[in-house]
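So the structure is just underneath, and the comments pick up after that.
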Amino acid sequence: MYSHRSVRSARYINRGRFGRFRGGFRGRGVPAASIHSFIRKASVQVQANPAVVPTVNVDTLLIDQKLKNNILARGYRLLMPIQAKAIPHILEGKDIIGIANTGTGKTATFLIPIIQRVITNPGFKALIITPTRELALQIQEELRRFTQGIRLNSTFCIGQSSMRNQIYDLRRNPHVVIGTPGRLKDLIERRILNLSLFSMIVLDEVDQMLDMGFVRDVKHIISFLPARRQSLFFSATVSPEINRIIQTFVINPVTVSVKTQETVSHIKQDVVKVEVGKTKVQVLDDLLKKEEFKKVLVFGRTKFGVERLGQELFRKGFRVTSIHGDKPQVKRQQAIRMFRDDVVNIMIATDVAARGLDIRDVTHVINFDPPATYEDYIHRIGRTGRANKSGTALTFV
């Protein structure tokens, strides 16, 4: 179906200028041999991974019936393994270290107990810290879906969004605050956010925070929390640095691990060879016209390149949007909503969308430009094949 050929290891793919859509970016590339190494390292048979198959019924949870009805209304009748293992401990007030891959149901794992605590104690307050704005907004949207008909106020505190609105929302004393480290630190220093009132803190995707250089800010934020609190800690990996953070963060924690192999087994991976005489855009155009490419996330390396590619595909008649760091936050939110709600079926993105973005039913991920590292490759392709569904990841060479 796709041309899978070896490429000379001495060459770097995508050297040309993006203006002609031949290379995708200027400057350094990734050795072509490395791309093949990524795919060989990751490829496995297409089969469901038994470690992440949900088996426990939602009805077993000791939670308010209204909350349970909201969960069932979302179509969730079985708990994912991390939910089944961790939620009872969280409801008991224990600290948790959750080790799990992305897409395994971590968000509901901490949101369900938070909502239950607010139902039983209206004065309860929780702080959720995430590495990216997109993940913060995604958690906020999921929280709203789970709290239909339940009196729970929440707000998000992220960069590139109105500080004035966030200050106004915080003064309304929300039960749940979801934010990124930089903006939360700013609000604390302005004496707008008083963390002494919070009974729970959730650190989500801690390995990403470490990668993005947020650890110092996170430690600073934690220093303002009361000593008596419940702490939930979620990460896909536990490096020595993360382990040091854990020691200062949790007390007698319960460790819940559903960590599986580094890449999900139900993602089919391959390379797409750009033949001589064709441009990458032409090859992409041919692929996107195929019936099976129903919902496609395309990764480019630069903000400029992503915007240009989106415009080019729009001119060709595709339903497409784009997301990158130079877009205002409101435009990024709009792009994600349009893609999630199938207003468009193609989204072009930089790696800002590779981490934490959870959109259901993405059929294909296409690396129009190669990832910089193997870890970036894993995070990119992890946007498809979610919730145990099959998916396809293709990389242009």
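Read the figures in this text as sums done on the coordinates, not as results from a lab. Bear in mind that the values here come from a model prediction, so they are computed numbers and not experimental data. Here the Cβ is made from the backbone with ideal geometry for all residues, glycine too, and neighbour counts use every protein chain on show.
Taking the alpha-carbon distance from Lys66 and a cut-off under 25 Å, which lysines remain once sequence neighbours fewer than 8 residues away in the same chain are dropped? The qualifying lysines are Lys85, Lys94, Lys106, Lys125. With contacts taken as Cα pairs under 8 Å at a separation of at least 6 residues, the stretch 51-257 carries a relative contact order of 27 percent. The ranking of Ile348, Ile246 from fewest to most other beta carbons within 10 Å of each one's beta carbon is Ile246, Ile348.
Restricting to bridges with both residues inside the stretch 51-257, how much of the DSSP beta-bridge set is antiparallel, in percent to the nearest 5? Display every interim value, and only then the final one.
Working: 2 of 26 bridges.
Given both bridge residues lie in the stretch 51-257, the antiparallel proportion sits at roughly 10 percent.
The HN-Hα couplings worked out from phi for the stretch 269-277 by the Karplus form 6.51 cos²θ - 1.76 cosθ + 1.60 (θ = phi - 60°) are 10, 7, 10, 10, 7, 8, 5, 4, x Hz, whole numbers, x standing for Gly and Pro.
Rounded, prolate or oblate: pick one for the stretch 309-397, where a ≥ b ≥ c are the square roots of the eigenvalues of its C-alpha gyration tensor, a/c under 1.5 means rounded, and failing that, prolate if a/b is larger than b/c, else oblate. Spell out each step's value before the answer.
Values: a/c = 1.37, a/b = 1.27, b/c = 1.07.
In terms of gyration-tensor shape, rounded.
As a quick test, which of the pairs Lys280/Lys316; Lys295/Lys389; Lys278/Lys303; Lys331/Lys389; Lys268/Lys294; Lys294/Lys389 have an alpha carbon distance above 18 angstrom in this structure? Pairs exceeding the cut-off: Lys278/Lys303; Lys331/Lys389. Over every Cα atom in the stretch 51-257, the radius of gyration and the widest Cα-Cα span, Dmax, amount to 16.0, 46 Å. Using the Cα centre of the stretch 51-257 as origin and beta-carbon charges of +1 (Lys, Arg) and -1 (Asp, Glu), tell me which of Thr120, Thr107, Asn69 is placed farthest towards the positive end of the dipole. So the residue we want is Thr120.
For the stretch 260-354, the pair-distance distribution built from all alpha carbon pairs, in bins 5 Å wide starting at 0, is 2, 12, 21, 24, 19, 12, 7, 2, 0 percent.
Each of Met338, Met347 has some number of other Cβ atoms within 10 Å of its Cβ, and from fewest to most they run Met338, Met347.
Order of 142-153, 113-124 by packing, highest average Cβ count within 10 Å first? Working shown, then result.
On the way: 142-153: 14.8, 113-124: 18.6.
Highest to lowest by the protection proxy: 113-124, 142-153.
A Cβ-based charge dipole, computed about the Cα centre of the stretch 51-257 with Lys and Arg at +1 and Asp and Glu at -1, lands at about 660 debye. Over the stretch 184-243, Cα pairs under 8 Å with separation of 6+ residues give a relative contact order of 47 percent.
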